[in-house]
Amino acid sequence: MTPDAIVVFAHGARDPEWARPIERLAALIAARAPGTRVRCAYLELMQPSLAEAVDGLAAEGVRSVRIVPAFIGAGGHLKRDLPLAVAALRAKHPRLAIELASHIGESEAALAAIAEVFAR
């Protein structure tokens, strides 16, 4: 089922140029999911935070959100910090269905696409 909104969640960086591929990814998702709100959110150093993005979507009246971690590997942020943040958001917005998708490193299709680009 397609959610009302998708949040592309990334680490963040001090350099604003770092976010360009994340924003491009969000635009590509939006083009493939007409009618679905697509937002970017960042763990640190950039705005909006995950909480700000989800709070904003809840205020817009969405009923379901899928959080998609744009991380290749799963370290402490994905294993510890993100589940805690999602639990807090679920408690804050009990009427909002919040799905936490697997990070892109667990997607064979995503890894195959990256491998194809790198192999060229």
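With ALA85, ALA41, ALA74, ALA97 as the choices, which residue is surrounded by 14 or more Cβ atoms within 10 Å (Cβ to Cβ) and within 18 Å of THR2 (Cα to Cα)?
From the options ALA85, ALA41, ALA74, ALA97, the qualifying one is ALA97.
For the subset of the stretch 80-120 comprising residues that are touching a strand residue (DSSP E or B) at 6+ places or on another chain (Cβ under 8 Å) and assigned to a loop (DSSP other than H, G, I, E, B), which member is farthest from LEU43 (Cα to Cα)?
Once the filter is applied, the top-ranked residue is LEU96.
Taken together, the values in this text are just the output of simple stated rules run on the coordinates, not laboratory data. None of these values were measured; they are calculated from a predicted model. Glycine also receives a Cβ, built like all others from the backbone with ideal geometry; neighbour counts cover every protein chain displayed.
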